[in-house]
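Asks: One structure, pasted below without further comment.
The numbers here are math on the coordinates, done by the rules we state, and not lab data. Note that the structure is predicted; figures quoted are calculated from it, not measured. Note that we place each Cβ from the backbone using ideal geometry, even for glycine, and neighbour counts take in every protein chain shown.
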Amino acid sequence: MLVEAAERALAHTGKKELLLGGGVACNSRLQEMCRIMCEERGCKFFVPPRDLLVDNGSMIAYLGEIMFNKGIMAKGKDIEIMDINPRERTDEVNVRWR
C-alpha cells in the first residue's frame with residue numbers, strides 16, 4: 001500500500017526521486033519494493049543510513065531549525081514551557097512556519 005501511494009505521488013507530481021524515511025524505512029522488504037518500483041519508473045531511490053531512520057531525529061532537528069529561524073521558538077524564551085505531546089496527530093498541528 002505504501003509503495004502504491006508513493007508511485008501515485010511520483011506520477012501526479014512528476015518527480016523523479018523517492019526518499020524513504022522514518023522508522024518504516026528500516027523495513028528491508030519495503031526498501032526492496034520501493035527500489036523495484038523506482039527502477040521500473042526510471043526514478044532515483046534514496047534511503048538514509050539506518051541510524052538516521054529509527055526516531056526521525058534528523059527531521060525533528062531540521063523542523064526545529066526552521067521554527068527557530070522563523071521566530072517561533074525564540075532562544076531561551078519558549079523552551080521553559082515546551083512540552084511533548086506523544087499523541088498529537090500531524091493533522092492537528094498549527095503550521096505557523098510557512
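Asks: Once the Cα atoms of the chain are picked out, what are the Rg and Dmax in Å?
Replies: Considering the chain through its Cα atoms, Rg and Dmax are 16.8, 50 Å.
Asks: In addition: Which net charge results for the neighbourhood of Ile66, defined as the other residues with beta-carbon distances under 13 angstrom from its beta-carbon, given Lys and Arg at +1 and Asp and Glu at -1?
Replies: Computed value for this residue: +2.
Asks: Let me ask something additional. Kindly provide the helix-only [θ] at 222 nm of the chain, computed as the sum of -39,500 (n - 2.57) over DSSP H runs of four or more divided by all residues, to the nearest 500 deg cm²/dmol?
Replies: Roughly -12500 deg cm²/dmol at 222 nm, from the helical runs in the chain.
Asks: Hey, another quick one. If pairing requires two Cys Cβ atoms under 4.7 Å apart, which cysteines of the chain are left without a partner?
Replies: Cys26, Cys34
Asks: Moving on to the next point. Once Lys and Arg get +1 and Asp and Glu get -1 on their Cβ, which of Gly64, Leu10, Asn27 lies farthest toward the positive end of the dipole of the chain?
Replies: Among Gly64, Leu10, Asn27, the one farthest towards the positive end of the dipole of the chain is Leu10.
Asks: Starting from the amide H of Phe45, placed 1.01 Å from N in the peptide plane, find each other amide H under 5 Å away whose residue is 5 or more places distant or on another chain.
Replies: Leu18
Asks: Could you state the angle between the C-alpha long axis of helix 28-41 and the longest principal axis of the C-alpha atoms of the chain, as a value from 0 to 90 degrees rounded to the nearest 10?
Replies: On a 0 to 90 degree scale, this one is about 60.
Asks: Please report, in debye to the nearest 20, how large the charge dipole of the chain is about its Cα centre when each Lys and Arg carries +1 at its beta carbon and each Asp and Glu carries -1 there.
Replies: 320 debye
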